[in-house]
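In what follows, a structure is listed as structure tokens, so that the remarks can point back to it.
All of the numbers you see were taken from the coordinates with simple rules; none came from a lab. A quick note: this is a predicted structure, and the numbers were derived from the prediction, not measured. Cβ placement follows ideal geometry from the backbone for every residue including glycine, while neighbour counts extend to all protein chains displayed.
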């Protein structure tokens, strides 16, 4: 099972790829409010890429209720324990 810091590193790489910004640094508090180009369209790409990386599916309620990267990490961690 991956540690939270490893998940965050992988998610950061996904964000860098999908948002085409190799200098982007994210943390648990990163959100659509403070990450440039993280809009609704890119959110679909980001979620899809994270789902592919972790072989999981985010339920629609998680997608709409997640407020930041930390919420996405929490869900990934919860799925690793199953």
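Close contacts from the stretch 1-16, counting a first residue that is more than 13 Å from residue 50 (Cβ to Cβ) and a second that is assigned to a helix (DSSP H, G or I), with Cβ to Cβ under 6 Å and a gap of 6+ residues or different chains, come to 1/80; 4/73. Does the stretch 39-53 include one or more residues that are on the phi < 0 side of the Ramachandran plot, assigned to a helix (DSSP H, G or I) and in contact (Cβ under 8 Å) with a residue 40 or more places away in the chain? Checking the stretch 39-53: at least one residue is on the phi < 0 side of the Ramachandran plot, assigned to a helix (DSSP H, G or I) and in contact (Cβ under 8 Å) with a residue 40 or more places away in the chain.
Looking at the stretch 69-81 only, could you name the residues that are more than 15 Å from residue 14 (Cα to Cα) and either touching a helix residue (DSSP H, G or I) at 6+ places or on another chain (Cβ under 6 Å) or in a loop (DSSP other than H, G, I, E, B) (or both)? Spell out the reasoning first.
Taking the stretch 69-81 and keeping what is more than 15 Å from residue 14 (Cα to Cα), we get 71, 74-75, 77-81.
Of everything in the stretch 69-81, those that are more than 15 Å from residue 14 (Cα to Cα) and either touching a helix residue (DSSP H, G or I) at 6+ places or on another chain (Cβ under 6 Å) or in a loop (DSSP other than H, G, I, E, B) (or both) turn out to be 75, 81.
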